[in-house]
Amino acid sequence: MSASLARMLLILLPVSVLAMLLALTQGSIQIPLKDIWAVMRGQGEPLYALLLLDLRLPRVLNAFATGGLLAVAGALMQVLLRNPLADPYVLGLSGGAAVGALLAMLAGLGAALISGAAFAGALISTLLVFGLAHGTGSWVPTRLLLTGVVVAAGWGALISFLLAVSPSHELPGMLYWLMGDLSYAGHPLLPWSALVVAMLLTFPLGRTLNVLARGPLQAAALGVSVRRMEMLVYVLAAFITAIAVLTAGSIGFVGLIVPHILRLIFGFDQRILLPASALAGGILLVLADTLARTLIAPEQLPVGVITALLGVPTFLYLLYRSRQR
């Protein structure tokens, strides 16, 4: 176990550092590494210091933490639903958050209140899905999944209605938020705090999650409190997904393809997979956001467009490989 964890960290930690350094150097104005080091020591040019400390570094940190949150949430949802096609948004969280954010934008509220409305929407969606799936008895993963799909469809209809009745000058900002955008992400403390909390909570539970992934009957036979563990996984996945959506809007495919790729490399042990997902998800989103900032610089693309362009062919390739096997 320790050797596998060390091997994973030895591979992904240096790649994480390199990805963030690359993101700091690239943009409409390229900054050499020596100037980045000078700025970090307080000796760089004022323009470079402004670009790095006020713009690029917070954005890179937000991108890494958001990618990590989405990948960890995806891995948790796949354990909870025992479905490798599950992703962080499968239970309608992003739809609820999007409706809350769009309503706040229509009301002309500030960025902080828009974020608060997005979080409230995600929370309402979580309570709605769980309440409907639970009903008067217990819920099973299939019932939870179907309830989430229906609720997500309802949120999608509301989003379409809001876009249809919105003033034309509001539409660009709304569409960018719906496609995922890190341009207006706030201070990176919140997503990083959520990522650290998620790691602290899930790493000690890795062995239990391995058992839970085999199914509820086997887990119960081995002494796992299945209902309590499923509740914890669901609440934690919903919480960190809401923080990710709150930070950068709806960014697809990160939580779906990252756990898939990591299982091919490191296996199915959740004690390895969850911290690897945090690092690999951060790497993927940092690189995707770098492409979004540089492909048509000085204009920027929504990072959700880049993750979709990268995620669709990757996922199709993974499906093809599984069929060949």
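The values are calculated or read from the model by the stated rules, or taken from the named source; none is laboratory data. All values reported here derive from a predicted model rather than from experimental measurement. FYI the Cβ positions are ideal-geometry reconstructions off the backbone, even for glycines, and counts take in every protein chain you see.
Below are the figures for this structure:
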{"item": "Candidate set from the stretch 1-54 (those that are among the charged types (D, E, K, R) and surrounded by 12 or more Cβ atoms within 10 Å (Cβ to Cβ)); member that is nearest to the chain's Cα centre (by Cα)", "result": "ARG7"}
{"item": "Count of residues meeting criterion [under 20 Å from the mean Cα position of the chain (by Cα) and either free of Cβ contacts under 8 Å to residues at least 24 places away in the same chain or farther than 11 Å from LEU274 by Cβ (or both)] in the stretch 196-211", "result": "3"}
{"item": "Every residue from the stretch 227-265 that is more than 18 Å from the chain's Cα centre (by Cα) and surrounded by 20 or more Cβ atoms within 10 Å (Cβ to Cβ)", "result": "GLU230"}
{"item": "Any pair with Cβ under 6 angstrom, 6 or more apart, that starts in the stretch 34-56 at a residue that is within 22 Å of GLY186 (Cβ to Cβ) and ends at one that is of a type in the set (Val, Ile, Thr) and part of a helix (DSSP H, G or I)", "result": "ALA49/VAL39; LEU52/VAL39"}
{"item": "Evaluation of ALA111 against (1) surrounded by 14 or more Cβ atoms within 10 Å (Cβ to Cβ); (2) in contact (Cβ under 8 Å) with a residue 40 or more places away in the chain (one fails), failing number", "result": "(1)"}
{"item": "Unique match (being crowded, with 24+ Cβ neighbours inside 10 Å, in contact with a Leu (Cβ under 9 Å, 6 or more places away or on another chain), hydrophobic (A, V, I, L, M, F, W, C) and farther than 20 Å from SER94 by Cα) among LEU295, LEU284, LEU273, LEU291", "result": "LEU273"}
{"item": "Conditions (1) at pLDDT 90 or above; (2) closer than 24 Å to PHE203 by Cα; (3) in contact with a Ser or Thr (Cβ under 8 Å, 6 or more places away or on another chain); number of the one not met by PRO275", "result": "(3)"}
{"item": "Qualifying position, being assigned to a helix (DSSP H, G or I) and of a type in the set (Ser, Thr, Tyr), among SER16, SER28", "result": "SER16"}
{"item": "Top-ranked residue in the stretch 72-115 [being farther than 19 Å from LEU318 by Cβ and not in a helix (DSSP H, G or I); ranked as modelled with the highest pLDDT]", "result": "ALA107"}
{"item": "Tabulated pairs, the stretch 176-195, first without any contact (Cβ under 8 Å) to a residue 60 or more places away in the chain, second surrounded by 17 or more Cβ atoms within 10 Å (Cβ to Cβ), C-beta under 6 angstrom, 6+ apart or interchain", "result": "none"}
{"item": "Only one of ILE306, ILE283 that is in contact (Cβ under 8 Å) with a residue 24 or more places away in the chain and β-branched (Val, Ile, Thr)", "result": "ILE283"}
{"item": "Looking only at the stretch 73-99, and only at residues there that are within 15 Å of the chain's Cα centre (by Cα) and of a type in the set (S, T, N, Q), the one that is nearest to GLY252 (Cα to Cα)", "result": "SER94"}
{"item": "Evaluation of ALA237 against (1) touching a helix residue (DSSP H, G or I) at 6+ places or on another chain (Cβ under 7 Å); (2) at positive phi (one fails), failing number", "result": "(2)"}
